[in-house]
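Before any comments, here is the structure.
The values are calculated or read from the model by the stated rules, or taken from the named source; none is laboratory data. For clarity, every value in this text was computed on a predicted model and none was experimentally measured. Quick reminder, even Gly has a Cβ in these numbers, built from the backbone with ideal geometry, and neighbours come from all protein chains shown. The protein model used for the area step is the full one, side chains on, heavy atoms only, and it has no ligands, DNA or RNA in it. Shrake-Rupley method; radii C 1.70, N 1.55, O 1.52, S 1.80 Å.
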Amino acid sequence: MPEAGLPAGLTVRAVTPDALLPGLAALYGAAEEDMAWMAMACTAGWIVLDETEVLLAAVGARPSPRHGAELLGGAFAGAAQVPAALAVTESAHEAVGRVYAFADGTLFPPVELLAAGFREVGAYRRLEGRVPYRHADVPDGVTVRVLADVPDAGVRLQALGTYEDRIGHHAVAPEAARDGVGGFDSHLSAIALDGQGQGIGICRVALEGNTGRMDSPGVHPAWRHTGLRAALLNAVNGRLRHQGITRVSVDSWGDTPAELAHDLGLGLSVVDETPILALG
């Protein structure tokens with residue numbers, strides 16, 4: 001018999017995160033060893049099986065500092081994708097509370113999730129264009145420096161922690177403060193310090209050919225009403241221009257409409273967008 005509330009023939013089963021590995025590898029078309037980090041980031045997991053024990057979905061819950069848990073994985077394409085996705089997301093919500101997912105239609109179906117009570121709370125976006133030239137002043141009381149000139153791991157972690165309250169971001173791991181992590185170039189990246197030398201903002205960039213690939217700046221909530229975000233972008237863009245780089249690509253998770261409007265005003269264009277949908 002199917003579980004109460006589930007479509008006939010579907011079973012949702014709670015599993016340990018490590019048991020998700022085969023399903024995650026199949027979902028993403030990757031080797032299990034390449035997906036181990038994803039399973040290790042989860043604190044709970046669920047799979048959906050049909051009546052013949054065929055795997056229809058594999059989802060793990062990755063805790064977020066301020067937004068419950070991100071659902072990693074998803075449901076396999078096919079006729080059962082929508083019911084499997086709805087069943088597993090509901091089970092995850094019942095087990096851990098507030099959950100959210102990046103729903104581009106590949107692993108999580110956005111239209112059906114919205115109809116089931118999810119709401120859009122943000123987006124992942126990639127913006128691209130020529131390196132902007134618009135100048136932005138650094139706010140009074142703040143110093144923006146080259147990241148390589150601030151080797152203190154504690155200060156770097158303070159700056160990286162400015163992302164943690166944004167949906168789509170997670171708790172910062174200590175290793176994130178090291179030079180070269182994620183391919184980012186500390187000699188081109190920028191960090192903002194307040195008058196006490198605390199890290200209050202950061203903008204990291206990596207070179208990929210003639211393009212600067214950067215993450216949207218992180219800024220401490222107490223400084224978001226200022227022009228610090230624009231100043232960090234300006235500092236990094238200036239260094240890119242000095243290197244002869246002419247194109248920029250900016251990845252953002254959970255940026256506000258005002259921040260998006262600012263970046264569009266710099267002449268950048270959205271080339272990729274995935275809604276972030278939350279329940280609870």
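Every residue, every condition in (1) closer than 21 Å to Gly122 by Cα; (2) out of contact with any Ser or Thr (no Cβ under 7 Å at 6 or more places or on another chain); (3) without any contact (Cβ under 8 Å) to a residue 12 or more places away in the chain, yes or no:
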residue: Gly183; (1), (2), (3): no, yes, no
residue: His220; (1), (2), (3): yes, no, no
residue: Arg224; (1), (2), (3): yes, yes, yes
residue: Arg229; (1), (2), (3): yes, yes, no
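Would you pick out the residues in region 210-239 that are over 15 Å from Ser186 (Cα atoms) and not hydrophobic (A, V, I, L, M, F, W, C)?
Asn210, Thr211, Ser216, Gly218, His220, Pro221, Arg224, His225, Thr226, Gly227, Arg229, Asn234
Go through (1) touching a strand residue (DSSP E or B) at 6+ places or on another chain (Cβ under 6 Å); (2) at pLDDT 95 or above; (3) over 17 Å from Val219 (Cα atoms) and name the single condition Asp149 misses.
If we test Asp149 against (1) touching a strand residue (DSSP E or B) at 6+ places or on another chain (Cβ under 6 Å); (2) at pLDDT 95 or above; (3) over 17 Å from Val219 (Cα atoms), just (1) comes out false.
In region 138-158, what count of residues is obtained for those that are out of contact with any Leu (no Cβ under 8 Å at 6 or more places or on another chain) and over 24 Å from Thr211 (Cα atoms)?
So the answer is 8.
As an exercise: evaluate Ala30 against (1) in contact with a strand residue (DSSP E or B) (Cβ under 9 Å, 6 or more places away or on another chain); (2) closer than 30 Å to Gly161 by Cβ; (3) at pLDDT 95 or above and give the number of the one condition it does not meet.
(1)
Scan region 190-213 residue by residue and report those that are among the small types (Gly, Ala, Ser), within 24 Å of His242 (Cβ to Cβ) and open to solvent by 20 Å² or more (accessible area, probe 1.4 Å).
Correct list: Gly209 only.
Scan region 42-53 and give yes if some residue there is modelled with pLDDT of 95 or more, surrounded by 19 or more Cβ atoms within 10 Å (Cβ to Cβ), part of a helix (DSSP H, G or I) and in contact with a helix residue (DSSP H, G or I) (Cβ under 7 Å, 6 or more places away or on another chain), otherwise no.
no
Output the residues belonging to region 173-189 that are modelled with pLDDT under 95 and either open to solvent by 20 Å² or more (accessible area, probe 1.4 Å) or part of a strand (DSSP E or B) (or both). Walk me through it before giving the result.
First, pick out the residues of region 173-189 that are modelled with pLDDT under 95: 173-183.
Residues satisfying the conditions are Ala173, Pro174, Glu175, Ala176, Arg178, Asp179, Gly180, Val181, Gly182, Gly183.
In this structure, does Val181 turn out to be more than 20 Å from Thr246 (Cβ to Cβ) and in contact with a Leu (Cβ under 9 Å, 6 or more places away or on another chain)?
No.
Scan the strands (runs of 3 or more DSSP E) fully inside region 54-166 and keep the ones with 3 or more residues being open to solvent by less than 60 Å² (accessible area, probe 1.4 Å) and in contact (Cβ under 8 Å) with a residue 12 or more places away in the chain.
Where strands (runs of 3 or more DSSP E) fall fully within region 54-166 and carry at least 3 residues being open to solvent by less than 60 Å² (accessible area, probe 1.4 Å) and in contact (Cβ under 8 Å) with a residue 12 or more places away in the chain, they are 55-63, 69-75, 99-102, 119-130.
With the condition kept exactly as written, say whether any residue in region 262-280 is out of contact with any Cys (no Cβ under 7 Å at 6 or more places or on another chain) and at pLDDT below 95.
Checking region 262-280: at least one residue is out of contact with any Cys (no Cβ under 7 Å at 6 or more places or on another chain) and at pLDDT below 95.
For region 221-280, name all the residues that are open to solvent by 30 Å² or more (accessible area, probe 1.4 Å) and aliphatic (A, V, I, L, M).
Ala222, Ala258, Leu260, Ala261, Leu264, Leu266, Val270, Val271
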